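Q: First, the structure itself, so that you have it in front of you.
The values are calculated or read from the model by the stated rules, or taken from the named source; none is laboratory data. Computed from a predicted structure; not experimentally measured. Quick reminder, even Gly has a Cβ in these numbers, built from the backbone with ideal geometry, and neighbours come from all protein chains shown. To get the accessible areas, we keep the full protein, side chains included, count just its heavy atoms, and leave off ligands, DNA and RNA. Shrake-Rupley method; radii C 1.70, N 1.55, O 1.52, S 1.80 Å.
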Amino acid sequence: MTTTRPRIGLAGIAIESSTFTPYRSSEKDFEVRRGTEEMLQRFPFFQDGSATGTALREAADYVGVLHARALPGGQLLAPTYDAWKAEILEGLAAAHAEAPLDGLFFDIHGAMSVEGMDDAEGDLITAIRGVIGPDVVVGTAMDLHGNVSEALFAGCDILTCYRHAPHIDAWETRERGLRDLVETAAAVAGGAPRPYKALVHVPILLPGEKTSTRIEPAKTIYAGIPALTEREGVTDVSYWIGFAWADQPRCKAAIVAFGSDAQAVEDAALELATTVWEARHDFEFVAPTGTFAACLDEAVASEARPFWISDSGDNPGAGGADDTTYALAELVAREEIRRNEVSALMVSLVDPAATDIAHELGVGGRGEVEIGGHIDATAPGPQQLRVEVAALDEDTPTGRSAALRVLDGDAPTGLTVVITARRSQWHSRGMYERLGLSMTGFDIVTVKMGYLEPDQYEAAADWRLALTPGGVDQDLVRLGHSRIDRPMIPFDPEIPAPAREEILRGGGA
Ligand SMILES: [Zn+2]
């Protein structure tokens, strides 16, 4: 045992980016933190006064370099990535020269796509290893929609990910990952061997909406993980669903285990991988699905109010452009809504120009606006609408926004549309309240989401997942992947079972 207080670097870039959307993510989409103070403030468990968080804060000397995080989007522009990569490398080199680092918390999502690259996180950790060397213990705590490539696995000593979708355990996971890293780095600095690690890939690609942990089989698979981690010699075991909306060879499910006993680690990884493989044909959508028109038929006819519909193909939370008009056009055209017999809310589309026009018109002002279809022109493209401004909001964390009542001539229809200056996802009650809107105050609520987040789930009396077109189309087979490994479910009817010979191993030395 050792009493070393380890020196831990903090750095990373976190984004989930679709390669199927025309949207490109750049610096303006990110919240960037630099230096130790700003980086430490990222972690709520360091600020909340909890005993575990306080102990973890005091267990190490942290050196923050750079962290950038964004709402899911499109491929990151290469110059933006290159600049941050250079800054991270320089910062870590300087920190490591000042006093050797014992550990690095590689703070990533795991599904970052960068223009021209197949494995951005693998590239970044490989470059970081070039600067800090092989001895520093590297740990990461990722989104379960991230990918674990061989390069990422090689670059990290300990890897973990969330066990819930929706990700209610995001901070709990980072706290667990950071604690394991601090303990491991201290032990290794004191002469202990590194943990053993094992990786098993399972060639299944699933949209997040088939892998909600509220439903089977993901519910039982993830619920079984804590028992695996309690085995002698096993510290942690994780299951990455992988990221379906990038056309890259690394995209597939991954299972990683680590701990002090090589055999126990390998067995746990293989066992969980086999469980996932056995369920390969059982993953179903989290809610009843249909075309948008079919979902709208059901919503109009239903007694359940509010009836929620996810416009899932353009879900910005997975990387959609947030401005396709497929669902909007159907809502506008729907007779019962046009005649104001059924009230409907559509949240939200990003459209800075239309948002500015709404702010010029002012509350109660009427005019013509062209909404959506400027980034992702998936049919039917921009919609010309006559509207009355119902409410405005300035300078929210996601920029200005406006609620517009769609008019038919001079008569109000039942449809209200929210537009925003920046890509955003309307998942929490507070966001609606800022515009005087209630999550339950409409007959039908259409959101650019996949599965509903907790506030929404609670508000919805009923819900359909509409399989709409867009950059994060849930119908993977029609998207046109060409560079992923094959065979792969759902593109091929069958895949081989995980085999012990194919386990990638590391650590121990
Ligand atoms: Zn995720």
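Q: Hey, can you rank 282-290, 479-487 by average C-beta count inside 10 Å, highest first?
A: 282-290, 479-487
Q: While we're looking at this one, here's another question. How far is the Cα center of segment 155-182 from the Cα center of segment 345-379, in Å?
A: 39 Å
Q: For the chain, what does -39500 (n - 2.57) per DSSP helix run (n ≥ 4), summed and divided by total residues, give at 222 nm, in deg cm²/dmol to the nearest 500? It would help to have the intermediate numbers written out before the result.
A: Numbers: 16 runs with 150 residues, N = 509.
That comes out to -8500 deg cm²/dmol.
Q: Next question, about the same structure. Quote to one decimal, in nm, the extra length available between Asp455 and Ser302 on full extension: 0.36 nm per residue of separation minus the C-alpha distance between them.
A: Numbers: separation 153, 0.36 × 153 = 55.08 nm, distance 2.13 nm.
Net length gain for the segment: 52.9 nm.
Q: Roughly what % of DSSP beta bridges within the chain run antiparallel, to the nearest 5?
A: Around 45 percent of the beta bridges assigned by DSSP in the chain are antiparallel ones.
Q: If you wrap a convex hull around the alpha carbons of segment 289-473, what volume per residue comes out, as a whole number of Å³?
A: Output value, Cα hull per residue: 94 Å³.
Q: Just order 370-377, 225-232, 39-46, 465-472 by mean Cβ neighbour count inside 10 Å, highest at the front, would you?
A: Ranked by mean Cβ neighbours within 10 Å, highest first: 465-472, 370-377, 39-46, 225-232.
Q: Starting from the Cα-Cα distance between Asp485 and Asp61, subtract it from 0.36 nm times their residue separation and give me the gain in nm to one decimal.
A: Value of the extension gain: 148.5 nm.
Q: Compactness ratio of segment 275-374: Cα Rg over 2.2 N^0.38 Å, N = residue count?
A: Here the Cα radius of gyration is 1.36 times the empirical estimate.
Q: Each residue of segment 100-106 in order: what ³J(HN,Hα) in whole Hz does its phi give by Karplus 6.51 cos²θ - 1.76 cosθ + 1.60, θ = phi - 60°, with x for Gly and Pro?
A: x, 6, 9, x, 9, 8, 8
Q: Still on this model: In whole percent, and with a 1.4 Å probe on the protein chains, what portion of the accessible area of the chain is carbon and sulfur?
A: On the way: 9280 of 18450 Å².
Using a 1.4 Å probe with all protein chains present, the chain comes out at 50 percent carbon and sulfur.
Q: To check you understand DSSP bridge types, tell me what percent of the beta bridges within segment 289-473 (both residues inside) are antiparallel, rounded to 5.
A: 50 percent
Q: Hey, can you grab everything whose amide H is under 5 Å from the amide H of Val138? Only 5+ residues off in sequence or another chain; H modelled, so Pro and N-termini drop out.
A: Residues meeting the criterion, in which the H sits 1.01 Å from N, are Leu104, Asp157, Ile158.
Q: Same structure, new question: Per the Cauchy relation, a quarter of the hull surface: what is the mean projected area of the convex hull of the alpha carbons in segment 394-467, in nm²?
A: 5.8 nm²
Q: A follow-up question, please. Using alpha-carbon pairs under 8 Å, 6+ residues apart, how would you state the relative contact order of segment 289-473 in percent?
A: That works out to 38 percent.
Q: Next question, about the same structure. Would you mind putting 136-144, 204-212 in packing order, based on average other-beta-carbon counts within 10 Å, highest first?
A: By packing density, highest mean first, the sequence is 136-144, 204-212.
Q: Starting from 0.36 nm per residue, how many nanometres of slack lie between Thr54 and Asp282 once their C-alpha separation is accounted for?
A: 77.9 nm is the gain from fully extending Thr54 to Asp282.
Q: Taking Cα centroids, how far is segment 90-136 from segment 454-509 in Å?
A: 27 Å
Q: Just to be sure I understand: if I project the alpha-carbon convex hull of the chain onto a plane and average over all orientations, what area do I get in nm²?
A: 22.9 nm²
Q: Then there is this: Using Cα pairs under 8 angstrom and six or more residues apart, how large is the relative contact order of the chain, in percent?
A: Values: 1246 pairs, mean separation 86.5, N = 509.
In percent, rounded to a whole number, it is 17.
Q: Please work out the average accessible area per residue across segment 335-383, using the 1.4 Å probe convention, and give it in Å².
A: Computed with neighbouring chains in place, this is 43 Å² per residue.
Q: Suppose R0 equals 22 Å. What FRET efficiency, 1/(1 + (r/R0)^6) with r the Cβ-Cβ distance, do Ala411 and Gln384 give to the nearest 0.05?
A: Once the sixth-power term is evaluated, E becomes 0.80.
Q: What area, in nm² and to one decimal, does the C-alpha convex hull of segment 330-419 cast on average over all directions?
A: Average of the hull's projected areas for segment 330-419 equals 5.5 nm².
Q: Mind checking the per residue accessible area of segment 14-114 for me, 1.4 Å probe, whole number of Å²?
A: Working: 3880 Å² over 101 residues.
In whole numbers, segment 14-114 has 38 Å² accessible per residue.
Q: On a C-alpha basis, how far is the centre of segment 396-435 from the centre of segment 35-88 in Å? Whole number, if you could?
A: Going from one Cα centre to the other spans 32 Å.
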